[in-house]
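Data first, discussion second: the structure below is written as structure tokens.
The numbers here are math on the coordinates, done by the rules we state, and not lab data. Remember, predicted model here, so these are calculated numbers, not experimental data. Neighbour counts run over all protein chains shown; Cβ positions are idealised from the backbone, glycine included.
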Amino acid sequence: MGQKQQLSADPRPDTKKKRRVAFFNIDTGISAKDCIKIYLVCTKEEVGSTDGLCIDPVDLNSFFDDEDGKIYGYQGLKITVWFSIVSFRAYADIVFDSTSDGGKGITDLKSALQNIFAETLVDNKDDFLQTFSKDVNFIGSLVADGEVLHPKASSNGKSNDSNFHLQAANSDLEVIRLPMDNMAGRNLYSHLVPLALLLIDGSSPIDVTDPRWELYVLTQKTNDQLGQTYPTLLGFAALYRFYHYPDSSRLRLSQILVLPPYQRKGFGRVLLEVLNNVAISENVYDFTIEEPLSQLLQLRTCIDVKRLRGFGPIQEAVESAVSQFKFGRLSKKVSFPPLLPPSEAIEAVRKSLKITKEQFLHCWEILIFLGIEPDKHMEDFILAVSSRMRNDLIGESSDAEGKQVVDVPTDYDQEMSFVMFRSTNNATGVETDESRANQEEQLKKLVDDRVSEIKLIAQKVSAD
């Protein structure tokens, strides 16, 4: 980590003694995201250049001690970090004009950067450059003893990799499992932590001392300039294995990341498909994802809808639900049951495909949409979605009838203080028309968003 200070010459002291009153500017600090740039590099020639891949971290400010995430005490500060995706080490070049305590101290930059990059941070630039040749097989040395997993046939007899992008279906791809009771797995994950912190929203490092954690890495064999073959790390996933009474386990995906240079090429789908295969082959209770972001949820849903379309035990239930639209059995008084699968279908999906009830219900409406004719049945379909969401979010009208929330005077936080009561015969004297109108407006927006999501995923699934 290099630091350069560029100081201008001090002004010549005044020869006459004068009484002066100084007015110091208050240091308002600088946001970390405004003075730090991070580049992912795979050759030493890219170090020092700003033409490489500059990543957009989810929240740099959170790594600095100040409550507002700002850096204090520096004038003209610029920090450039190069992170090698060969050796998985980092070097930071820190340049500033001067430092001064403007009332908030001077931020310890080295400590703050170590909060992100930890042991991967190399102090000397020459040492960092040497890692490109010295550690060219860093990934290969750590995954050598891992368990190699390949995409396997799905439960419906079709190969799960048949719909992968051409690059994702390349035979040079491998997914390797490394348990955390293995030193190689711990070492590798410690070098992946900076990427997880910077690129996975809300992420925090896993506990590598807990053997129930498992690391899955996606690699691809590549040749260097000398013709030597080494594995390149494309992405990784961290899973936790929970105990499920009485003699089973549940898999939860906590972190998944495809490195930015390899995104939008089908590699995330490869990882998820292999994890689905692991859940099925090891007969876990189910496979869940911890707080998935919208993009990950969309990819997962696309994969699961395709799996469900080929899953025989639920086809009759899907056809039955679709027929209610095709034969005009719905009316303006439609209720939510047409968009709910039977309980035996939910259990069959969990047992065979390891898809949770929540995720199956998320896919169910898409399966129905794929079976109807939108130009003929769209109005009824939207009505059914609205009815289902009303029940989920608002509840039965009879249960909500007469409930009122009223603000009350308090010495505590006004926003946290209220009284709820149930009126009799609506004799409350409280105006509720406006709140009900707002409620209906919010519900309509949620329904519109949900229908748009259904259409988008249906389109993606149909296009594959």
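Could you please report the charge total around Arg252, scoring K, R as +1 and D, E as -1 over all other residues with beta-carbon less than 11 angstrom from its beta-carbon?
Details: positive: Arg212, Arg241, Arg250; negative: Glu214, Asp286, Glu290, Glu291.
The answer is -1.
Between Glu319 and Gln263, what FRET efficiency follows from the Cβ-Cβ distance if R0 is 30 Å, with the result rounded to 0.05? Before the final figure, lay out each step's value.
Values: r = 37 Å, r/R0 = 1.25.
That gives a FRET efficiency of 0.20.
At R0 = 51 Å, how high is the FRET efficiency between Asn438 and Asp145 if r is their beta carbon distance? Nearest 0.05 is fine.
Working: r = 59 Å, r/R0 = 1.16.
Once rounded, the FRET efficiency stands at 0.30.
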### Query
Can you list the HN-Hα couplings for the stretch 189-206, worked out from phi with the Karplus curve (6.51, -1.76, 1.60; θ = phi - 60°), rounded to whole Hz and with x for Gly and Pro?
4, 4, 7, 8, 3, x, 5, 5, 5, 7, 10, 10, 4, x, 7, 9, x, 6
#### Entry: Span from the the stretch 192-227 Cα centroid across to the the stretch 237-282 one, whole angstrom
13 Å
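Given +1 on the Cβ of Lys and Arg, -1 on the Cβ of Asp and Glu, and no further charges, what dipole in debye does the stretch 30-135 carry about its Cα centre, rounded to the nearest 20?
Working: 10 positive and 19 negative charges, 33 e Å.
I would put it at about 160 debye.
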## Note on the structure
Of 186-192, 128-134, ordering from highest average Cβ density within 10 Å down gives 186-192, 128-134
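If r is the Cβ-Cβ distance from Lys78 to Gln130 and R0 is 22 Å, what FRET efficiency results, to the nearest 0.05?
Working: r = 25 Å, r/R0 = 1.12.
Efficiency, from the Cβ-Cβ distance: 0.35.
If you take the Cα Rg of the stretch 30-135 and divide it by 2.2 N^0.38 Å, with N the number of residues, what do you get? Spell out each step's value before the answer.
On the way: Rg = 14.1 Å, N = 106, 2.2 N^0.38 = 12.9 Å.
Output field value: 1.09.
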### Task
Would you mind checking Lys70/Lys445; Lys376/Lys445; Lys351/Lys376; Lys354/Lys460; Lys134/Lys265; Lys306/Lys326 for any pair whose Cα atoms are more than 26 angstrom apart?
Lys70/Lys445; Lys351/Lys376; Lys134/Lys265
